[in-house]
Structure formats: structure tokens, C-alpha cells
Amino acid sequence: GSEVAQESLLLHGPFARKPKRIRTAFSPSQLLRLERAFEKNHYVVGAERKQLASSLSLSETQVKVWFQNRRTKYKRQKLEEEGPEADQKKKGSHHINRWRLATKQAPGEDIDVTSND
């Protein structure tokens with residue numbers, strides 16, 4: 001019936017979703033090499049990424065995404081080390097601190113968010 005045609009359209013039509021990628025299971029030796037590379041530099045691009053990918057038998061995309069995820073993990077660990085109570089103060093405060101620096105505001109002064117100047 002027509003429900004078969006509908007299903008076929010969903011699977012093969014112009015808006016068909018690519019099948020979900022299978023999660024890469026990195027071998028312990030691959031992880032060791034990736035971690036060592038991350039210790040030296042949190043960003044790996046260009047020829048360096050190409051070389052690392054081919055020496056680990058991974059695609060450049062897999063290496064790129066591993067580094068993105070590793071940087072996220074690193075930032076999260078850094079925040080946790082600073083203590084969970086610092087977490088609440090942190091949210092958004094760096095924007096205000098950057099604004100204070102840019103506008104030479106004294107840290108003690110309350111910020112008037114209503115003024116138009």
C-alpha cells in the first residue's frame with residue numbers, strides 16, 4: 001500500500017537522514033598517542049592532523065572530533081578543580097570582568113545597567 005511508499009521516501013528521499021555514525025572505539029595505543037599529542041598542544045590542524053590521523057589509522061575527522069571533545073573535558077576538569085562553589089560565581093562573570101577592563105571600571109562599583117551612555 002501507500003505506507004510502503006511513504007517509508008521508502010523517508011529512507012531514500014531528498015531529506016533522508018544519513019545513518020547515525022557508529023561510535024569510534026579508540027584502542028589504548030591510539031588513546032595514548034592522542035593524549036600525548038594533546039599534552040603538547042590542545043589544537044592540532046593541517047599537516048600535523050593529517051600525519052597523526054594516518055599514523056593512527058584514523059580519519060582526520062575522527063582526530064578533529066577527539067580533540068574537540070578532549071578540550072571540552074579539559075575545561076570541565078579545570079572548572080571542577082577550582083571547586084564547585086566557584087562554578088556559580090563563574091557563570092557569565094567573565095563577560096562583566098572583560099567589560100570592566102575595557103571600560104576601566106573599578107571592581108567595587110556597582111554596574112548601572114539602566115543608563116544609556
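Filtering region 23-35 down to residues that are out of contact with any helix residue (DSSP H, G or I) (no Cβ under 6 Å at 6 or more places or on another chain) and under 21 Å from T72 (Cβ atoms), which residue is most open to solvent (accessible area, probe 1.4 Å)? Talk me through it step by step, then tell me what you get.
Just the residues of region 23-35 that are out of contact with any helix residue (DSSP H, G or I) (no Cβ under 6 Å at 6 or more places or on another chain), to begin with: 23, 25-33, 35.
Still in the running and under 21 Å from T72 (Cβ atoms): 23, 25-26, 30-33, 35.
On the way: R23: 213, A25: 92, F26: 52, Q30: 28, L31: 66, L32: 92, R33: 95, E35: 53 Å².
Of everything passing the filter in region 23-35, R23 is most open to solvent (accessible area, probe 1.4 Å).
For region 12-54, give me each residue that is under 18 Å from N69 (Cβ atoms), part of a loop (DSSP other than H, G, I, E, B) and not charged (D, E, K, R).
Answer for region 12-54, where residues must be under 18 Å from N69 (Cβ atoms), part of a loop (DSSP other than H, G, I, E, B) and not charged (D, E, K, R): I22, T24, A25, F26, S27, N41, H42, Y43, V44, V45.
Which of (1) more than 18 Å from the chain's Cα centre (by Cα); (2) at pLDDT below 95 is the odd one out, the single condition E80 does not satisfy?
It fails just one condition, (1).
Pairs, please: C-beta under 9 Å, at least 6 apart or cross-chain, first residue charged (D, E, K, R) and in region 21-50, second part of a loop (DSSP other than H, G, I, E, B) and surrounded by fewer than 12 Cβ atoms within 10 Å (Cβ to Cβ)?
E48/N41
Picking from Y43, Y74, which residue would you name as being over 16 Å from T24 (Cβ atoms), touching a His at 6+ places or on another chain (Cβ under 9 Å) and either surrounded by 10 or more Cβ atoms within 10 Å (Cβ to Cβ) or modelled with pLDDT of 95 or more (or both)? Break it down stepwise before answering.
Details: Y43 fails: touching a His at 6+ places or on another chain (Cβ under 9 Å).
Matching residue, one of Y43, Y74: Y74.
The values are calculated or read from the model by the stated rules, or taken from the named source; none is laboratory data. Please read these numbers as outputs of a predicted model, since none were measured by experiment. Neighbour counts run over all protein chains shown; Cβ positions are idealised from the backbone, glycine included. Protein only, heavy atoms only, side chains kept; ligands, DNA and RNA dropped before computing areas. Shrake-Rupley method; radii C 1.70, N 1.55, O 1.52, S 1.80 Å.
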